[in-house]
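Colleague: Okay, handing you the structure first.
Any read-out appearing in this document is the output of simple, stated calculations on the displayed coordinates, not a laboratory observation. It should be emphasised that the depicted structure is a prediction, and the values quoted were computed from it without experimental measurement. Cβ atoms come from the backbone with ideal geometry, glycine included; neighbour counts cover every protein chain shown.
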Amino acid sequence: MTQIIIQGMLLSGLYALIAIGFTLIFSVGRVLNLAYGAYLMIGGYVYFYISQQLGLPKGVGLVMAAGVGCLAGLLKYRFIAKPLKGNHVAIEISTLILAIVIQSGIILMFGESTKILHSLVPGIIRLEGVTAPWSNILATGLSWVLIVAVFLFVRHTHTGRAMLAVSQDPKGAAICGINAEWINMVTWGISGLLGGVAGVFFASYTQLSPFMWVGPLIVTVAIVVVGGIGSILGTLVVAHIIGFLEIIVVSYIAPELRGIFTMLLIILFLIFRPRGLFGREELT
Amino acid sequence: MKLIETKHLIAWAAFLLVLALMPMFVSNGTLRIFIFANFLAVFAISWDVLSGRTGYISFGHPFLIGIGVYATAIMSKRFGVPVEYSIPLAVLVTMLGSVLVFLPALRVKGSYFALVTLAFMELAYQLVQVIRPDLTGGTRGIFGIKTITRGAENGYYMSMCLMFGIAFVSWLVMRTQLGTALSALGMQEESVEGSGKSTTKLKLAAFLMSAFIAGLGGAFYAHYVGAIAPRTLFDINFLFTIIVAVLIGGSGTIIGPIIGAFFLTFLLEFLRPYLPGAGRYFIYGGIALLLYMYQPKGIYSIVDKLIKRWRGGAV
Amino acid sequence: MKPVLQVKNLVKRFGALTATNDISFDLHEGESLALIGPNGAGKTTIFSQIMGELRQSEGSIHLYDEEISHLKPAARIKRQVSRTYQVPRPFAELTVLENIRIGHMPNSIWSMLTQQPDLDYERELANKVGLAEADHQRTPAELSMGDLRKLEMARTMATDPKVMLLDEVFAGLTTAEVAQISDLILQMRADGMTFLVVSHDLPALKPLVDTAIAINQGQEIARGSFNQVLADPAVLSSYLGEV
């Protein structure tokens, strides 16, 4: 039982961080960025390259992962989302193609085989017969720090509040003189940054592979669909529902079935309650 | 109404003759590339009949194809059902399965529909590994499925006939009023409803047709390769290959997906000596992305424009 | 004589907002009724309820004595009531004739597959609404606003209605085009078509309709002959209030 609670908390915190970056773009631009999973991969490989191949300090690797993720987000906005503005399906198809291109690029540079990341910090903690690596606890802790930072940013800075305004009512925001293009760019940048960092944590939690982007992408989609558009709180709650469901399925039923409730949730929610648990009613 | 112009008919007859004589001139290896291009073209046509026409983007097409593949493989390998029964039955099962995907299409559109179909594909991938692994072969898949062709030449003719048969029938269907109505559905669903046409019936027709083609293609594919594995089937890379074939060739047409499938397959073969392995997709995906962003109607429309300009200049 | 279309106590609520509040009217064969009122009065919402695009909260809608409230739009159109849209939404990549074909083709998958399109009928209809022969193979992007309205009329007529609901058919048209569409409506009236018309162009509306109902904020404020309604103080103030 304690085992499940600890593992569930660790996984869910990670999922929450992953989903926040995705939900930002979905809320502000109403766009599904199917290449979001590729940010994670980019982040993971940048960290791997800098910290393990070049042997620089792990902190440098983490910062670089965030930076390159952010850059990837900005480039994606400039060269895909902006030119295809308004055509959501086209953006989704393009980002899907881009994800495959990035995947192939990674294979070209690093090969197809999976890689193991060294732990962020060494050691294992034992608590009432339950073991957990310090590294995972640190990852989840840092995830929470970032989540709180995003929350404070959105609530208490001018740019953050403008993001909120654009997500709630793009036309109204434009009338109030908010530069939607700037806001979109900031959002894509932040999303990429969060994705890059989340990628390092996710890769150290599992492993590094050119195909590691699909799984988290689907988990993220599920969290956003079930949580509903534009709700950070909803994202956090649902991240925990899905994280715990996965851990419970893995512990009590079968590890192969870990994603089954995630898929079922996506299908059932999209059919019966498309606005999700905490989402606003879409006006149009 | 005249079915086809004489001069087009002659061009097509000549083209088919060249294809029929192909095995006399090229190696078995090249023939195998043709075979894969043919199967990809079938899947691309299937995707286009649904998504290219009606605008309901399916991100889970491998789900439909997979039903056809698994249905015939299980029937033939585990229960000894003869291929002449297992293939039609597999097509039927695929069409039934498509109703599952059709139901969400009544409620959600656009991105949401695409997501549901993606979830269906991943769900199928996970379920097929754990539910009755004695039948599905679990993670390893099914080997030693009865093959219906022997040698590359045989397979070449089989796949050519299958592909052109499906393309021809689809072409016939799409030039009827049903084809016009399906295209109209993709442009303005509300106006189709406002013209007194049941969009539910039209969508169902599109799903069933698409599933028919996917099931047929999938079933023949299973009996051509003789072995299937869940990871190569219910896979986002497979989905990518299908969608990109349609988009590169030109969606909303029959010839477009075929052009796309051949372009894709042969481009990958061309790149093989320089970039073995998955790295080829880097170049290929890059071309696909640029083409899709700047010419969303694909090669077909580029060729079409060139021909019109050339004719315009000649007059 | 029984009315063709009978709307009784129609109420439509969107949450706290009542868009249509207790609207009733009868429409007899060959009659022509105008619904007038300021923007947001609820005219188009009434159309949507008659066509089944929106389901009313209360009240009934009878077409030829049959209660049609439970029917889907396609089934209502089959019972020969059809509407045009304020903003024409043509099929962008189909030609003019193909646009008309969508309205005219049967609503059965099998018939769609087996029946040839009736090209003569499509041409005749296109000519009837005043779309030039040269426009027949054009796509909507190449048409003017006036021609788009004509196409919208033609597509609606192609569903073979006996009752037509026209939503702002004159908006964005030149004087010459208004006259053209007016002539078309008058001609169809002479052939026995029943009309329910919404328009802001009151002078253009005047020769086309017998009676009018003025609506403001979802509620009927006046009814009678067209001139009578226009002279009504409540109607005047509702329009002035808008300005």
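Colleague: May I ask you to derive the FRET efficiency for A:HIS118 and B:LEU92 from their Cβ-Cβ distance with R0 = 56 Å, giving the value to the nearest 0.05?
Modeller: Calculated value: 0.55.
Colleague: Please report the projected area of the protein assembly as shown's Cα convex hull averaged over all directions, in nm².
Modeller: 41.1 nm²
Colleague: Further question on the same structure: Give the long-range amide H neighbours of C:SER24: residues separated by 5 or more places, or on another chain, with amide H under 5 Å away, using H modelled in the peptide plane at 1.01 Å from N.
Modeller: Amide H neighbours of C:SER24: C:ASN9, C:LEU10.
Colleague: Something else now. Cα-based count: Lys pairs in chain A below 23 Å, eight or more positions apart or different chains?
Modeller: 4
Colleague: Roughly how tilted is helix A:88-110, in degrees to the nearest 10 and between 0 and 90, from the longest Cα axis of chain A?
Modeller: Between helix and principal axis, roughly 30 degrees.
Colleague: At q = 0.29 Å⁻¹, what is the log10 ratio I(q)/I(0) for the range C:90-160, with the Debye formula run over Cα points and no solvent?
Modeller: Here log10 of I(q) over I(0) equals -1.39.
Colleague: Angle, helix C:233-242 long axis vs. longest principal axis of chain C, Cα atoms, 0 to 90°, nearest 10?
Modeller: Here the helix axis deviates by roughly 70 degrees.
Colleague: In whole angstrom, note down how far apart the Cα centers of the range B:264-286 and the range A:219-249 are.
Modeller: 38 Å
Colleague: Apply 1/(1 + (r/R0)^6) to the Cβ-Cβ distance of A:VAL130 and C:LYS72, taking R0 = 41 Å, and write down the FRET efficiency to the nearest 0.05.
Modeller: 0.10
Colleague: Let me spell out the model: positive unit charges on the Cβ of Lys and Arg, negative unit charges on the Cβ of Asp and Glu, origin at the Cα centre of the range B:1-147. What dipole size does that give, in debye rounded to 20?
Modeller: 40 debye
Colleague: Could you give the nm distance between label points at B:LEU306 and C:HIS200, where each point is 7 Å from its Cα heading toward the beta carbon?
Modeller: Result for the modelled spin labels: 5.0 nm.
Colleague: Count neighbours as other Cβ atoms within 10 Å of each site's Cβ, and list the trypsin sites (Lys or Arg not before Pro) in the range A:1-107 that are DSSP loop with at most 11 such neighbours.
Modeller: none
Colleague: With the crude spin-label approximation of a point 7 Å out along Cα→Cβ, what separation in nm comes out for A:ILE253 versus A:GLN207?
Modeller: So the label points at A:ILE253 and A:GLN207 sit 2.5 nm apart.
Colleague: Calculated from DSSP H runs of 4 or more alone, at -39500 (n - 2.57) each and per residue, what is the 222 nm mean residue ellipticity of chain C, nearest 500?
Modeller: -10500 deg cm²/dmol
Colleague: Chymotrypsin sites (Phe, Trp or Tyr not before Pro), restricted to the range B:263-299: which are DSSP loop and have at most 14 other Cβ atoms within 10 Å?
Modeller: B:TYR274
Colleague: Within a 10 angstrom radius of each residue's Cβ in B:269-281, how many Cβ atoms of other chains show up on average? Whole number is fine.
Modeller: 3
Colleague: Normalised by the number of residues in the range A:12-212, what is the relative contact order in percent for Cα pairs under 8 Å and 6+ residues apart?
Modeller: The value is 44 percent.
Colleague: Compute, for the protein assembly as shown, the length of the dipole vector about the Cα centre, with Cβ point charges of +1 (Lys, Arg) and -1 (Asp, Glu) only. Units Debye, rounded to 20.
Modeller: With only Lys, Arg, Asp and Glu charged at Cβ, the dipole is about 2060 debye.
Colleague: Compute the angle between helix C:119-128 and the longest alpha-carbon principal axis of chain C, please, reported from 0 to 90 degrees and rounded to the nearest 10.
Modeller: For C:119-128 against chain C, the angle is about 40 degrees.
Colleague: Considering every residue in C:86-93, what mean count of other chain Cβ atoms within 10 Å of its Cβ is obtained?
Modeller: 4
Colleague: Which value does Rg/Rh take for the range C:1-121 over its C-alpha atoms, Rh per Kirkwood?
Modeller: 1.02
Colleague: If neighbour count is taken as other Cβ atoms inside 10 Å, put C:SER108, A:SER51 in order from fewest to most.
Modeller: Least crowded to most crowded, the residues run C:SER108, A:SER51.
Colleague: Under a 5 Å amide H to amide H cut-off, with H placed in plane at 1.01 Å, what residues pair with C:ALA222 once short-range neighbours are removed?
Modeller: Correct list: C:ALA214.
Colleague: So, with +1 on the Cβ of K and R and -1 on the Cβ of D and E, and no other charges, what is the size of the charge dipole of the range A:1-141 about its Cα centre, to the nearest 20 debye?
Modeller: 360 debye
Colleague: So, R0 is 45 Å and r is the distance between the beta-carbons of A:LEU138 and A:CYS176; what FRET efficiency does that work out to, to 0.05?
Modeller: The pair A:LEU138/A:CYS176 has a calculated efficiency of 0.65.
Colleague: Still on this structure: Pop a pseudo-label 7 angstrom from the Cα along the beta-carbon direction at both A:THR2 and B:LYS109 and give the gap in nm to one decimal.
Modeller: 5.5 nm
Colleague: Putting +1 on Lys and Arg Cβ atoms and -1 on Asp and Glu Cβ atoms, find which of C:MET188, C:GLN219, C:SER237 reaches farthest to the positive end of the dipole of chain C.
Modeller: Of the listed residues, the answer is C:GLN219.
Colleague: Give me the percent relative contact order of chain B, please, defined on Cα pairs under 8 angstrom at least 6 residues apart.
Modeller: Relative contact order here is 30 percent.
Colleague: Within 10 Å of each Cβ in peptide C:67-73, how many partner chain Cβ atoms are there on average? Round it to a whole number, please.
Modeller: 2
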